[in-house]
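The values are calculated or read from the model by the stated rules, or taken from the named source; none is laboratory data. Being a predicted model, the structure only gives us computed values, none of them experimental. Please note: Cβ atoms are built from the backbone with ideal geometry, for glycine as well, and neighbour counts cover all protein chains shown. Accessible surface areas use protein heavy atoms only, side chains included; no ligands, DNA or RNA. Shrake-Rupley method; radii C 1.70, N 1.55, O 1.52, S 1.80 Å.
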Amino acid sequence: MSKKNTGTKPWGGRFSEGTDAFVEHFTASIPFDYRLCEEDIQGSIAHARMLAKTGLLTSEESEQIIQGLEAIGEEARQGKIQWSVPLEDVHMNIEARLIERIGDTGKKLHTGRSRNDQVATDIRLWLRRAIDEIDAELTRLRSGLIDLAEREADTIMPGFTHLQSAQPVTFGHHMLAWQEMLDRDQQRLRECRGRVNIMPLGAAALAGTSFPIDRDYTAELLGFERPARNSLDAVSDRDFAIEFTAFASILLMHLSRFSEELVLWNSAQFGFVDLPDRFCTGSSIMPQKKNPDVPELVRGKTGRVYGHLLSLLTLMKSQPLAYNKDNQEDKEPLFDSVDTVSACLRAFADMMPALEVKRERCHAAASMGFATATDLADYLVRRGVAFRDAHEIVGRAVRHGLEQQRDLAQMSLEELRGFCPDIDEDVFDILTVEGSVAARNHPGGTAPEQVRRAAREARESLTQ
Ligand code: ARG
């Protein structure tokens with residue numbers, strides 16, 4: 001090591017003094033990019049194989065490098081690697097360890113590549129694996145919601161607009177509404193995966209390389225769809241990370257909405273559901289409390305992922321081509337978005353099948369607030385009354401009911417006929433909440449029969 005203390009740096013050659021101690025920490029990414037270790041090794045092994053195939057390394061050299069890298073992978077899995085801040089990032093840490101293990105042959109690995117295409121490749125490999133895990137969790141949650149929808153296809157609850165009693169709906173129908181949102185999320189995730197799965201390697205620093213490399217071969221080894229078409233774009237593009245975080249933001253926006261409903265429904269005042277004890281915690285002062293912490297936290301964690309989306313968009317907005325050190329800031333928001341989404345999905349996928357639905361409470365709540373007023377208006381329309389007149393007539397009946405503190409179904413036939421002589425005995429069939437939901441019997445409607453059909457179709461779509 002030279003006196004000027006630049007010897008530890010793979011790039012120390014042109015420097016005449018060592019890096020400032022603070023700057024060394026300020027510029028290092030190893031405190032967080034060590035998480036790319038597996039993918040860095042995977043990418044380097046593929047690169048070494050390609051270098052042998054194209055004659056840029058002998059097969060002995062390539063073998064030696066691959067064995068060394070595999071051994072380092074094993075050391076990392078056992079937690080035996082001492083990550084070094086002076087070595088800046090995961091790429092230089094692993095390369096230095098390789099040279100330490102296998103000697104000078106290790107110095108040949110970096111032929112025809114740069115950390116710029118290397119890091120872009122590593123993040124894509126890392127994110128691709130994360131996406132596949134998240135995709136599986138999404139399927140698990142969707143499947144749980146579909147089961148729940150089937151179980152509660154006949155359960156009647158109030159449907160709200162403006163959080164005011166609107167019309168009765170079935171609990172199963174409500175669950176399938178959530179399921180639809182997640183279906184779209186999964187489609188977005190899979191689209192995003194397609195654009196993640198493009199290989200930057202071979203772009204080298206920015207312009208490509210003067211060596212006769214075989215990018216198709218490396219791409220095939222790493223399971224990428226194809227090499228990136230433009231070297232400048234390959235090293236600087238982070239759209240895929242932004243897209244993933246946008247997917248994550250929309251998904252968490254949905255989970256936050258579900259959470260808000262669960263928190264409300266779990267309250268003593270609503271009492272529609274009971275969250276299992278194992279998903280709740282108590283209060284240190286109020287003995288009666290059972291708090292819905294899991295949905296509350298999911299709701300709360302949504303904000304940090306929105307923040308990451310904004311961070312990444314802002315990170316990229318003024319960067320000239322091609323790679324800039326700014327890009328090192330992509331990792332923490334992306335890693336945390338993946339961690340947060342994974343944890344929230346897991347919590348929901350575990351919790352939803354265990355949800356206890358208080359069917360009587362739901363039914364009683366659905367019967368309050370004149371929820372079948374629209375059904376009465378529709379009934380009058382079928383009897384030849386114009387809809388606007390029917391609306392007015394039912395409005396008067398509701399006002400009367402409010403004064404008397406009685407629902408429409410609790411009024412006598414004479415009382416109802418007082419508002420419109422066209423009303424007959426059969427009106428009571430449609431004034432019940434059962435009649436109301438059963439009447440909405442078309443694809444997309446809330447009738448139990450439709451819920452069961454929609455649940456079957458949703459289940460089939462899970463395997464596509
Ligand atoms: N640690 C860097 C990052 O995360 C790796 C690429 C560094 N490239 C460079 N030319 N300094 O972006």
If I ask for residues that are surrounded by fewer than 16 Cβ atoms within 10 Å (Cβ to Cβ), outside any helix (DSSP H, G or I) and charged (D, E, K, R), which ones from region 339-376 would you list? 356
Regarding region 377-398, can at least one residue be identified that is aromatic (Phe, Trp, Tyr) and either part of a loop (DSSP other than H, G, I, E, B) or within 30 Å of residue 130 (Cβ to Cβ) (or both)? no
For region 210-242: of the residues being assigned to a loop (DSSP other than H, G, I, E, B), more than 15 Å from the ligand (Cβ to nearest atom) and not small (Gly, Ala, Ser), which is most open to solvent (accessible area, probe 1.4 Å)? 229
If the requirement is being part of a helix (DSSP H, G or I), more than 16 Å from the ligand (Cβ to nearest atom), under 20 Å from residue 221 (Cβ atoms) and among the charged types (D, E, K, R), which of these qualifies: 128, 140, 124? 128
Selection from region 107-121 of residues surrounded by fewer than 21 Cβ atoms within 10 Å (Cβ to Cβ) and assigned to a helix (DSSP H, G or I) yields 107, 108
Scan region 131-152 and give yes if some residue there is in contact with a strand residue (DSSP E or B) (Cβ under 6 Å, 6 or more places away or on another chain) and either open to solvent by less than 30 Å² (accessible area, probe 1.4 Å) or of a type outside the set (Phe, Trp, Tyr) (or both), otherwise no. yes
Looking at region 194-209, is at least one residue open to solvent by 30 Å² or more (accessible area, probe 1.4 Å) and in contact with an Asp or Glu (Cβ under 7 Å, 6 or more places away or on another chain)? yes
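With the structure loaded, tell me whether residue 387 is closer than 28 Å to residue 162 by Cβ, open to solvent by 50 Å² or more (accessible area, probe 1.4 Å) and of a type in the set (Phe, Trp, Tyr) or whether it fails that test.
Here the answer is yes, as residue 387 does meet what is asked.
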Region 405-427, residues that are modelled with pLDDT of 95 or more, part of a helix (DSSP H, G or I) and open to solvent by 50 Å² or more (accessible area, probe 1.4 Å): 414, 417
Do the conditions hold for residue 430, that is, is it in contact with a helix residue (DSSP H, G or I) (Cβ under 6 Å, 6 or more places away or on another chain) and part of a loop (DSSP other than H, G, I, E, B)? no
How about region 311-334: which of its residues are under 21 Å from residue 131 (Cα atoms) and away from the ligand (no atom under 12 Å from the Cβ)? 311, 312, 313, 333
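Among the residues of region 344-356, is there at least one that is closer than 30 Å to residue 293 by Cβ, within 16 Å of the ligand (Cβ to nearest atom) and touching a residue at least 40 places away in the same chain (Cβ under 8 Å)?
First, the residues of region 344-356 that are closer than 30 Å to residue 293 by Cβ: 344-356.
Subsequent filtering for residues that are within 16 Å of the ligand (Cβ to nearest atom) retains none.
Within region 344-356, not a single residue is closer than 30 Å to residue 293 by Cβ, within 16 Å of the ligand (Cβ to nearest atom) and touching a residue at least 40 places away in the same chain (Cβ under 8 Å).
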Within the set of pairs 6+ apart or on separate chains, which have a first residue in region 294-323 that is under 15 Å from residue 246 (Cβ atoms) and among the aliphatic types (A, V, I, L, M), a second that is outside any helix (DSSP H, G or I) and open to solvent by less than 40 Å² (accessible area, probe 1.4 Å), and C-beta atoms under 6 Å apart? 316/238
With respect to the numbered conditions (1) open to solvent by less than 90 Å² (accessible area, probe 1.4 Å); (2) over 22 Å from residue 157 (Cβ atoms); (3) out of contact with any Lys or Arg (no Cβ under 8 Å at 6 or more places or on another chain), which one is the sole condition not fulfilled by residue 462? (3)
Pull up region 74-98, narrow it to residues that are surrounded by 17 or more Cβ atoms within 10 Å (Cβ to Cβ) and without any contact (Cβ under 8 Å) to a residue 60 or more places away in the chain, then point me to the one that is nearest to the ligand (Cβ to nearest atom). 91
Could you give every pair whose Cβ atoms fall below 9 Å, whose first residue belongs to region 14-31 and is free of Cβ contacts under 8 Å to residues at least 12 places away in the same chain and assigned to a loop (DSSP other than H, G, I, E, B), and whose second residue is polar (S, T, N, Q) and open to solvent by less than 40 Å² (accessible area, probe 1.4 Å), counting only separations of at least 6 or pairs across chains? 15/6
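Looking at 67, 82, 42, can you tell me which residue is assigned to a loop (DSSP other than H, G, I, E, B), within 41 Å of the chain's Cα centre (by Cα) and of a type outside the set (D, E, K, R)? Before the answer, list the steps.
Details: 67 fails: assigned to a loop (DSSP other than H, G, I, E, B); 42 fails: assigned to a loop (DSSP other than H, G, I, E, B).
After applying the criteria, what remains is 82.
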